[in-house]
Each structure stands twice: as C-alpha cells, then as structure tokens.
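Comments concern the structure below.
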Amino acid sequence: MHRWLLALAALLIAPPAFSQAYPTQAVKILVGFPPGGTTDVMGRLAAQELAAQTGKAFIVENRPGASGSIAAGIVAKSAPDGYTLIMVPSIYGTASALYSNLPYADSELVPVGLIGSTPYVFVLHPSIDAATFTDLIRLVKQNPGKYEFASSSPGTAQHLAGELVKRMAGVDMLHVPYKGSGALLPDLLSGRVPMMFENIAIMQPHIKKGALKALAISSAKRSELLPGVPTVAETGQGLEGFEVLGWFAILAPANTPAAVVSFLNAELNKMITNPAIVTRFRELGAEPMGGKPEDAVAYIRGEQEKWGKVIRDAGIKVQ
C-alpha cells in the first residue's frame, strides 16, 4: 500500500479529537515561494475565501526556499491539529524524484484537497521559422541538438513538459534552466533561448503583442484563454496523449483528525464553486479541481509515478 494511503487510513480511523468549534484560532497556510507568484496568489485566494466562509482567520505565511520543500518540512513537523497547512504546487509531486535529501517524508503529510490546475502554453520566438507545433517538431528533428528551450527552474512542470516532448516525439533539444520566470523573460523575448512552456496568463500579453508565437497548449483540451491554439496532443508527431498540468493542493500534517480534514475539504470544495473564485481562476489560466482527500492522494501519486520515470530517464537531479 502506498505510504500516503497508509497515512490517510490512519487519519480516517484516528479518534475524533475534534470540536465542532474548529477553528478556534488563526489557521496558517504556508507557501514555500515568495509573494507574488502563482502559488502565493492561490494561497491567498484560499485563505481569503476560507476566512469569509468560516468567519475565522486564515493567514498566509511565505517560507520560500528549495522549491517549496523547506515549507513542506515545517508543516510535516507541525502539530497535527489543523492549524498549520501548506499550499503546494505541482513540483511537490516530483520533489522526491528530484531531490536526494528532503526535510520531510511523504508519509508525514496528507492531502486535504486539490484546488486547481493550470495548463501551459508553448511559446516560440518569431525568429524561428515554424508556424505550428508540427512544423517545429519537424525542424528540431532535422537539426538535433541545435535548439534550446527554457524553464524557470530545473524540475518544474515547464521543464518536464519539454523533456516529455523530447521523449515522446524523439527530438533532441537542450534545456536551459533559469532562476525564475523574471530572469528568463529577457532572453526569451530576445530569442536567445527561443522557446518554452509557460503559464498562459504570464505569456498572454507577449502573445497579443506578437513578441511570441503560441504554438500549443499542454492540457488535454484547449484553453478558454487561447481557444484558437491546439493542444500538443492534437499535433500528432508521436505526441498523442500528451498532457502536462500545473496543479495546486492543500496538505496537512499526517494524523490530523479526520473530522478536521473533512471540514477543510468541504470548505475547499465550496470555495471553488464560488463564481468570483472561478472568474479569478480563469484570469490566472486555472480551472477548479476539487474532490475528496482520497482523490487528491490518488492524483498526486499518479503524478509522482508519471514524472518519476521522466526524471529518471532524463537523468534530472537537483542538489
């Protein structure tokens, strides 16, 4: 049995040390990234809406570092009482394959619920003579090792999406990692590193100006923000079934009372049906996810298995 399922099973049979008055004090939602990024925005949206729904204080605390693993380690070692949670992005699902030493074990954290998912858009500098993603794949196949793609950091979904294209389409491209989207943008816009997968909301202004070409969407279906852009899977070239999504979830320390997890999960599911939240998600290029805690366990486990193989095959490791 997977260690997360063991943690969840223990949680579900744990004594109901829970008062209907929960929460009786402020609940902290840790974010393992600096203010202003997508994970921080998602964390603050959740905190704001949970506070509005419950009439209790939910506050965000930023603890950036090591792609979110420092914050995860803090929460893993916190009291399992429902007052210290964490908002994690999709890199949480790849951390155990990427990092040799993490300050937590998966069994020390349990998913409360999935919040939302974000597809990525593959953008290309206009200096590259390719009008479609199919054109680009053909061009790269004809010039193995010549072209480079960027990412905001090694092991991110943007990086792994590029590695998955390489693997499925049988092409050879060089990965160029940066330290954040802000650092890579000048090189991307100048054509120095001419292509990458990136958040749609971040890229949309540059696409509208014609500074970058939008060639494909990483999700299984097209994005409402860019409805005229096909999915990667639609382009063929061995990429049928391709899907890469960023996602966000809230986790709690293992052994948090089942009633607390159920309460928080119900509030999260209520939150993502709020029309104002749905609209804000859409502006961020995100879609609500939701579901039960066990759905989150299964989803994250699937992500770990899928990307663990990609990471091992590509020899990706972050010290």
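At a glance:
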| item | result |
| --- | --- |
| Count of the stretch 219-237 residues which are of a type in the set (Val, Ile, Thr), within 24 Å of Ser153 (Cα to Cα) and either touching a residue at least 60 places away in the same chain (Cβ under 8 Å) or surrounded by fewer than 18 Cβ atoms within 10 Å (Cβ to Cβ) (or both) | 1 |
| Verdict on Lys28 being open to solvent by 60 Å² or more (accessible area, probe 1.4 Å), modelled with pLDDT of 90 or more and not in a loop (DSSP other than H, G, I, E, B) | yes |
| Verdict on Ala79 being more than 24 Å from Met203 (Cβ to Cβ) and not in a loop (DSSP other than H, G, I, E, B) | no |
| Meets criteria (touching a helix residue (DSSP H, G or I) at 6+ places or on another chain (Cβ under 6 Å) and part of a loop (DSSP other than H, G, I, E, B)) for Leu114 | no |
| Hey, Val121 open to solvent by less than 10 Å² (accessible area, probe 1.4 Å) and under 25 Å from Ala286 (Cβ atoms) or not | yes |
| Restricting the stretch 46-68 to residues that are among the aliphatic types (A, V, I, L, M) and in contact with a strand residue (DSSP E or B) (Cβ under 8 Å, 6 or more places away or on another chain), the residue that is surrounded by the most Cβ atoms within 10 Å (Cβ to Cβ) | Ala46 |
| Any pair with Cβ under 6 angstrom, 6 or more apart, that starts in the stretch 166-183 at a residue that is charged (D, E, K, R) and ends at one that is assigned to a loop (DSSP other than H, G, I, E, B) and open to solvent by 60 Å² or more (accessible area, probe 1.4 Å) | Asp172/Pro144 |
| Condition met for Ala7 (at pLDDT below 85, buried (at least 21 other Cβ atoms within 10 Å of the Cβ) and part of a helix (DSSP H, G or I)) | yes |
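One line per residue, one yes/no per condition, for (1) in contact with a Gly (Cβ under 6 Å, 6 or more places away or on another chain); (2) modelled with pLDDT under 95; (3) open to solvent by 30 Å² or more (accessible area, probe 1.4 Å); (4) within 22 Å of Gly285 (Cα to Cα):
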site: Ser127; (1), (2), (3), (4): yes, no, yes, no
site: Asn143; (1), (2), (3), (4): no, no, yes, no
site: Ala157; (1), (2), (3), (4): yes, yes, no, yes
site: Tyr178; (1), (2), (3), (4): no, yes, yes, no
site: Ser181; (1), (2), (3), (4): no, yes, yes, yes
site: Gly191; (1), (2), (3), (4): no, no, no, no
site: Lys209; (1), (2), (3), (4): no, no, yes, yes
site: Ile217; (1), (2), (3), (4): no, no, no, yes
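The values are calculated or read from the model by the stated rules, or taken from the named source; none is laboratory data. Note that this is a predicted model, so its numbers are computed, not measured. Counting neighbours? That spans all protein chains shown, and the Cβs are built from the backbone with ideal geometry, glycine included. Just so you know, the surface numbers come from the protein's heavy atoms only, side chains and all, with ligands and any DNA or RNA stripped out. Shrake-Rupley method; radii C 1.70, N 1.55, O 1.52, S 1.80 Å.
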